[in-house]
Amino acid sequence: MNAPFQYYAYLREPTLDVMRIDHSPRDGTILNHDCFYALLSGESGAFYNIMRALPAPSHKDMSMNFGAYRGNEDLNAAGTLVFPFREHPALESFRQIHSNDSVIYAGDTFRFEVDTHEFHWTDANGRIDVHATRLGQMHELYVPTQEGFPGPIVWQDHMAKMTGTIDGDPVEGIFHDSHIYGRPEFTFHDMAFTTRLENYWLDWLVEYDDGTLEGGWAMQGHREAPYTVAHHVVDGVSTTRSDARMSISRNEQGNMQQATLRHGRDLEIVLDQHGSFDRPIHTYGTVSSISHPDKTVAKSWNYTENWPRNWGAVERYQMASADLYGRFPSLKGILEPSRWENEYLVFD
């Protein structure tokens, strides 16, 4: 009989050292992947997904731009790029600037400045200009070395409310800066993060008509890692929970169309999915109901992630192509012909 899956979740107050690329939360770990991303709605009515990571998986001195996508209000088709990659390069070198007050990562087309409470991100030569203020505390998940996980994993997530502009469109929504740490010799693929540790992930944020905010996220493992952990923030105060449960419904094509998150008997949030960015992995939507009868939701945001059980094959293909050709292949081109079947991507 396999030993029970071990994990530990807790909250921490962030310090400036935590935001540095050389931070190590536990002995023998280094930063493997710092990914910052947002789900934003515009005054135009569009939904946007922006995402960047550093260092890039196979180029440690480079930052990787995953693209700025505009949602399509269609669960069965991928979104469209706001800026083509020839104008918004997928890979570019970056430099680090540290001061007593902030940490800055900058390349030729982007700049990301952080402190313990604020985030300022410009990208695409200034056509993206967004600012975020932290919501609650930093959440940390620690997975020790065990069967299926050959090295420790530490995941630190910083959640924030974001405002700004994308190509002139005023936007607002939910933002995350996620730091993933592992053994120095490991790639992101070696850590089994997307192939074992994370099956479903979702976030949500509501702004009530009185201006108060409530939100959070939840993550559930693949069947080798049977757990769900959640972060819940109310008026700037965080709680971490291990009693969260997700239920997912899909349309006829197998794409996620609704997610329900329950926190024990205390809270139920229903998240309707409106469209996709890179079908079938990422969808976006709004909070269609929340169990607070005394509150009226004025605005809401929700972003979901669903990794198939054979995602490791896609990761290996991406890495091999990058090593061979010096650039990563189009994710849209890889995923477009795929379909869901029993939690696997099938390519006809």
Cross-link partners among lysines for K161, C-alpha distance below 16 Å, same-chain residues fewer than 8 apart left out?
-> K299
For F85 and C35 in the same chain, what is the full-extension length gain: residue separation times 0.36 nm, less their Cα-Cα distance, in nm?
-> 16.2 nm
Between region 269-289 and region 328-348, what's the alpha-carbon centroid distance in Å?
-> 19
Calculate, for E268 and L11, the FRET efficiency according to 1/(1 + (r/R0)^6) with r their C-beta to C-beta distance and R0 25 Å; round to the nearest 0.05.
-> 0.65
The answer for R309, listing residues at least 5 apart or on another chain whose modeled amide H is closer than 5 Å to its amide H, is Y344, L345
With all protein chains modelled, accessible area of M319 [1.4 Å, Å²] | 40
Spelling it out for G67: with amide H atoms placed in the peptide plane at 1.01 Å from N, the residues 5 or more places away or on another chain with amide H under 5 Å from its amide H are M51
Grab the Cα-Cα distance for N125 and R250, subtract it from 0.36 nm times how many residues apart they are, and report the gain in nm with one decimal.
-> 41.2 nm
Could you run the Karplus curve 6.51 cos²θ - 1.76 cosθ + 1.60 with θ = phi - 60° over region 78-89 and give me ³J(HN,Hα) per residue in whole Hz, x for Gly and Pro?
-> 6, x, 10, 6, 6, 10, x, 5, 5, 9, 9, x
E73 and A3 label points (each 7 Å along its Cα→Cβ direction) are spaced in nm at 5.3
Among D203, D190, D177: highest mean-square fluctuation, GNM of the chain, C-alpha pairs under 10 Å = D190
What spacing in nm lies between the two simple spin-label points modelled at E43 and F347, each 7 Å away from Cα in the Cβ direction?
-> 4.3
Excluding G71 itself, calculate the net charge of residues whose Cβ lies under 12 Å from the Cβ of G71, where each Lys or Arg counts +1 and each Asp or Glu counts -1.
-> -1
Of all C-alpha pairs within region 61-156, those more than 22 angstrom apart amount in percent to 52
Add -39500 (n - 2.57) for each DSSP H run of 4 or more in the chain, then divide by its residues: what number comes out at 222 nm, to the nearest 500 deg cm²/dmol?
-> -1500 deg cm²/dmol
Non-local amide H neighbours of I153 (under 5 Å, H modeled in plane, Pro and chain starts lacking H): which ones?
-> V143
Find the eigenvalues of the gyration tensor of the Cα atoms of region 196-348, then list the square roots of 5 times those eigenvalues as equivalent ellipsoid semi-axes, largest first, in whole angstrom.
-> 32, 16, 15
Expressed in square angstrom to the nearest 10, the accessible area of L11 with a 1.4 Å probe stands at 60
Longest segment of the chain with no trypsin sites (Lys or Arg not before Pro) in a DSSP loop having at most 10 other Cβ atoms within 10 Å?
-> 87-222
Per principal axis, largest first, the Cα atoms of region 200-263 extend in Å by 39, 27, 13
Calculating percent of Cα pairs over 38 Å apart from this structure picks out, from [x] 31; [y] 9; [z] 14, entry [y]
For region 126-141, take each phi angle, set θ = phi - 60°, evaluate the Karplus expression 6.51 cos²θ - 1.76 cosθ + 1.60, and give the result in whole Hz per residue in order, putting x for glycine and proline.
-> x, 6, 10, 9, 9, 9, 10, 10, 4, 10, x, 9, 6, 9, 10, 10
Hydrodynamic radius of region 105-250 per Kirkwood, over alpha carbon pairs, in Å | 17.0
Most mobile of G45, G221, G164 in a GNM of the chain (Cα contacts under 10 Å) = G45
Say we join alpha carbon atoms closer than 10 Å with springs in a Gaussian network model of the chain; which of N49, N100, N125 then has the biggest fluctuation?
-> N100
Where does the longest stretch of the chain lie that holds no GluC sites (Glu not before Pro) found in a DSSP loop with 16 or fewer other Cβ atoms within 10 Å?
-> 253-342
With 0.36 nm assigned to each residue of separation and the Cα-Cα distance removed, I97 to E336 gains 82.1 nm
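The values are calculated or read from the model by the stated rules, or taken from the named source; none is laboratory data. The structure presented is a predicted model; accordingly, all values stated were derived computationally and were not measured. Positions of Cβ are generated from backbone atoms using ideal geometry, with glycine treated the same way; all protein chains shown enter the neighbour counts. Only protein heavy atoms, including side chains, enter the accessible area calculation; ligands, DNA and RNA are left aside. Shrake-Rupley method; radii C 1.70, N 1.55, O 1.52, S 1.80 Å.
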